[in-house]
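All remarks here apply to the structure that follows.
Each value in this text was obtained by applying a stated rule to the coordinates, not by laboratory testing. Everything numeric here is computed off the predicted structure, so don't read it as measured data. Every residue, glycine as well, gets a Cβ built from its backbone with ideal geometry; the counts of neighbours run over all protein chains shown.
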Amino acid sequence: MDKTWFAVKMVFRLDVHARSGDGPRCSAFEERIVLFLAPDAEAALEAGEREAKQYSAEGNWPNQDGESVTTRYLGTCDAFALTGAPGDGVEIFSRVLYVDTVTTDAAIVDRMFGGESELHSTSQPLFEPDFERIASAKPDPPPDKAE
């Protein structure tokens, strides 16, 4: 049976728990896209579920302040079949979302990538001291709703 490469997207919630035990003091979410070689989308989704559960189970650690960071899988995967083998320039994921025709381009970008007050993809360690300031900041209103 021929196999196809699938990009499987998983979403996780990351919580930083205060040492006082009062519950999470801040949260973030992580999107992961992992490649699987599978006979069909169902098998790729099953592999993604297994990977997500393992990643979540192993995704608990102390941050630099000694607080517990927990990773929780949010229970759903999305699979995208690649049109070829992974390589330079090969699309690994695509999603189309419908919006009203009056929605501005800036509002779409804000929805997809967040405003300046939200975290973006980074190679820096998660939950550095500045994270709490960024995570608790009030975002500016989107340009199409500013007064």
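Key figures for this structure:
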| quantity | calculated |
| --- | --- |
| Relative packing of peptides 43-50, 4-11 - highest average C-beta neighbours within 10 Å first | 4-11, 43-50 |
| Highest average packing first - 79-89, 32-42, 16-26, Cβ atoms within 10 Å | 32-42, 16-26, 79-89 |
| Rounded if a/c under 1.5, otherwise prolate or oblate - segment 1-125, Cα gyration tensor axes | oblate |
| Overall dimensions of segment 1-51 by Cα: Rg and Dmax, Å | 16.3, 55 |
